[in-house]
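Only one structure is covered here, and it is reproduced in the block below.
The values are calculated or read from the model by the stated rules, or taken from the named source; none is laboratory data. Note that this is a predicted model, so its numbers are computed, not measured. Counting neighbours? That spans all protein chains shown, and the Cβs are built from the backbone with ideal geometry, glycine included.
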Amino acid sequence: AAGVIQSPRHLIKEKRETATLKCYPIPRHDTVYWYQQGPGQDPQFLISFYEKMQSDKGSIPDRFSAQQFSDYHSELNMSSLELGDSALYFCASSSGLAGGGGEQFFGPGTRLTVL
Amino acid sequence: AQKVTQAQTEISVVEKEDVTLDCVYETRDTTYYLFWYKQPPSGELVFLIRRNSFDEQNEISGRYSWNFQKSTSSFNFTITASQVVDSAVYFCALSEALIEDSGAGSYQLTFGKGTKLSVIP
């Protein structure tokens, strides 16, 4: 079965650079979530989109922005990178409100290292 | 605000022992969902189970079982006859429905801090 695809899987950037992470949800899933997991930490919710509209916002820095495109893939744009942005970034998709509970299927994550 | 507490930071067991991972949650909603995820050393998050707040039946899936008790706001996870491959960090998570006026919805997950399980051969 198709899973959530994230690219790139690994990314190394310098401080103050920008980065773009991409997420391709499971086909027919209309909701995308982004989470950030720092070393030894639990995943923290950043932002979500439902039917290409932002549906919720968590602890996402102002330096970050995201959007969901017409084909439902999503991109997380990160600017002025800081050392503290080094983390594993997960994308998850679900079938929105249908079925309740929004069971989220996670991608393999993008490991971002900021030097 | 919703909160998930996993009091056990790390647990070590010898292979074939049973182990229970504790999870206590806080929420003001009457409708919510509870999850368990497994994160092996490779880093991916593997979905294990989802339970909604109206379903208090315990569930067994192979060596895994879950005990949901609304009265104590707990959703504990037991692994029977543990194996080395069970070594991982296990996260308990909670989601509440957030429906905006626009109709857009979100079920953002709030995770506990995780319990690192080490199964020793």
*Does the range A:34-62 hold any residues that are of a type in the set (Asp, Glu) and in contact (Cβ under 8 Å) with a residue 24 or more places away in the chain, and which are they?*
A:Glu51
*asked:* For the range A:71-85, which positions are out of contact with any Ser or Thr (no Cβ under 6 Å at 6 or more places or on another chain) and either closer than 15 Å to A:Pro108 by Cβ or assigned to a strand (DSSP E or B) (or both)?
replied: A:Ser74, A:Leu76, A:Met78
_Residue among A:Leu112, A:Leu88 that alone is within 7 Å of chain B (Cβ to nearest Cβ), modelled with pLDDT of 95 or more and not in a helix (DSSP H, G or I)_ = A:Leu88
_Selected residue (only one of B:Ser95, B:Ser65, B:Ser71 is buried (at least 16 other Cβ atoms within 10 Å of the Cβ), free of Cβ contacts under 8 Å to residues at least 60 places away in the same chain and not in a loop (DSSP other than H, G, I, E, B))_ = B:Ser65
*Just name the residue that is nearest to the chain's Cα centre (by Cα) out of those in the range A:32-56 that are more than 30 Å from B:Lys116 (Cβ to Cβ) and part of a strand (DSSP E or B).*
A:Phe49
*Restricting the search to the range B:37-80, which residues are within 12 Å of chain A (Cβ to nearest Cβ) and hydrophobic (A, V, I, L, M, F, W, C)?*
B:Leu45, B:Val46, B:Phe47, B:Leu48, B:Ile49, B:Phe54
*Only listed residue being touching a strand residue (DSSP E or B) at 6+ places or on another chain (Cβ under 9 Å), at pLDDT 95 or above and closer than 27 Å to B:Gln2 by Cβ, chosen from A:Gly58, A:Gly96, A:Gly38*: A:Gly38
*Identify, by number, the condition in (1) without any contact (Cβ under 8 Å) to a residue 40 or more places away in the chain; (2) over 20 Å from A:Phe105 (Cα atoms); (3) charged (D, E, K, R) that A:Lys15 doesn't meet.*
(1)
*Filter the range A:46-55 for residues that are within 7 Å of chain B (Cβ to nearest Cβ) and touching a strand residue (DSSP E or B) at 6+ places or on another chain (Cβ under 6 Å); which is farthest from B:Val4 (Cα to Cα)?*
A:Tyr50
*asked:* Condition (residue is over 29 Å from A:Ser55 (Cα atoms), at pLDDT below 95, in a strand (DSSP E or B) and out of contact with any Leu (no Cβ under 6 Å at 6 or more places or on another chain)) applied to the range B:49-57: is it met by at least one residue?
replied: no
*asked:* If a residue must be within 24 Å of A:Val114 (Cβ to Cβ), within 15 Å of the chain's Cα centre (by Cα) and not in a strand (DSSP E or B), how many such residues does the range A:1-17 contain?
replied: 3
_Tell me whether the range A:63-86 contains one or more residues that are more than 19 Å from A:Leu11 (Cα to Cα) and without any contact (Cβ under 8 Å) to a residue 12 or more places away in the chain._
yes
*Determine whether the range B:4-23 contains at least one residue that is without any contact (Cβ under 8 Å) to a residue 24 or more places away in the chain, surrounded by fewer than 16 Cβ atoms within 10 Å (Cβ to Cβ) and at the interface with another protein chain (Cβ under 10 Å from one of its Cβ atoms).*
no
